[in-house]
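Let me begin by presenting the structure, written as structure tokens, before commenting on it.
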Amino acid sequence: MIFSVAGVQLNAQQLQLQDGAVMTVDKDVHDYGEIDKGSDPFCEFLITNTGNEPLIISNAKGSCGCTVPTWEKEPIMPGESSVMKVKYDTKRVGPINKSVTITSN
């Protein structure tokens, strides 16, 4: 059995404005720990709009093709939350450190 250790870091710059959407993420890093090669692991990040206007995530991109984020394409209204799932492809063996960059309004 071959194991892989992987982690995903979510990069979301939080810009505080007087008015507008403000993205708050429940965690900055997810440690998958040891995972089997060929398995299908994913993690979830809870994204909350703590601003006063709708939050629109226009893009989320993994640092490579092995890290694939998916999210609801609808705006996140003020005070509401949405889940971003990040799937990691386990074809590589060994320690891995990947990131996801989110683009929003």
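The values are calculated or read from the model by the stated rules, or taken from the named source; none is laboratory data. Just so it is clear, the structure is predicted and the values come from calculations on it, not from any experiment. Ideal geometry is used to build each Cβ from the backbone, glycine not excepted, and the neighbour counts take in all protein chains shown.
Evaluation of residue 63 against the conditions (1) within 18 Å of residue 80 (Cβ to Cβ); (2) in contact with a strand residue (DSSP E or B) (Cβ under 7 Å, 6 or more places away or on another chain) shows that the sole unmet condition is (1).
Look at (1) within 15 Å of the chain's Cα centre (by Cα); (2) exposed (fewer than 15 other Cβ atoms within 10 Å of the Cβ) and you find that residue 43 fails only one, number (2). When residue 104 is tested against (1) surrounded by fewer than 16 Cβ atoms within 10 Å (Cβ to Cβ); (2) modelled with pLDDT of 90 or more, just one condition goes unmet, and that condition is (1).
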